[in-house]
Amino acid sequence: MNHGLPAPVLSHSLTPLPPPIATRSPRTGALRRAARLLPPVIGALSLLLAVAPAHADKDADRARAAVQSGEILPLTRILETVSSQYAGDVIGVKLDRDDGAWQYEVKLLLPGGSVAKLEYDARTAALLKAKGRDIEQARKKP
């Protein structure tokens, strides 16, 4: 059964392939080691990402409890204080507990474009520290 196809031509002058190389390049070995490390690294990252929200939830719960107990002022009061003292836009707020005392750290974008950092006592809203270029020009007159 030829089906109209030409018959294959066989040649007896085929050259054998060279024997396989027994050594691996250093690059291949490094890739294999990296591939073996990938599952544990992914597992560790997954665990870290799963724990991070839980940690953030604990912080939020502690802050909420401190506000409800009257230990600290709510963020709205701090923002009112900032806007009454300085011109600019709040671009970040962080609540920290340093040496047992709660503090609000406020980042403020000043009208001139620089960023200032303000620290307020979270219990009294007293300004503790103000740092930044042109901070005095942004301070409102009482």
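Okay, here's what the table says:
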item: Which numbered condition LYS140 fails, given (1) touching a helix residue (DSSP H, G or I) at 6+ places or on another chain (Cβ under 8 Å); (2) of a type outside the set (Val, Ile, Thr); (3) surrounded by 17 or more Cβ atoms within 10 Å (Cβ to Cβ); result: (3)
item: Selection from the range 63-115 of residues that are in a helix (DSSP H, G or I), surrounded by 14 or more Cβ atoms within 10 Å (Cβ to Cβ), among the charged types (D, E, K, R) and free of Cβ contacts under 8 Å to residues at least 40 places away in the same chain; result: none
item: Residues satisfying the stated conditions in the range 72-96, i.e. under 21 Å from the mean Cα position of the chain (by Cα) and either among the aliphatic types (A, V, I, L, M) or farther than 23 Å from GLN137 by Cα (or both); result: VAL90, ILE91, VAL93, LYS94, LEU95, ASP96
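No lab work stands behind these numbers, since they all come straight from the coordinates. None of these values were measured; they are calculated from a predicted model. Methodologically, a virtual Cβ is constructed for each residue, glycine included, from the backbone with ideal geometry; neighbour enumeration extends over all protein chains shown.
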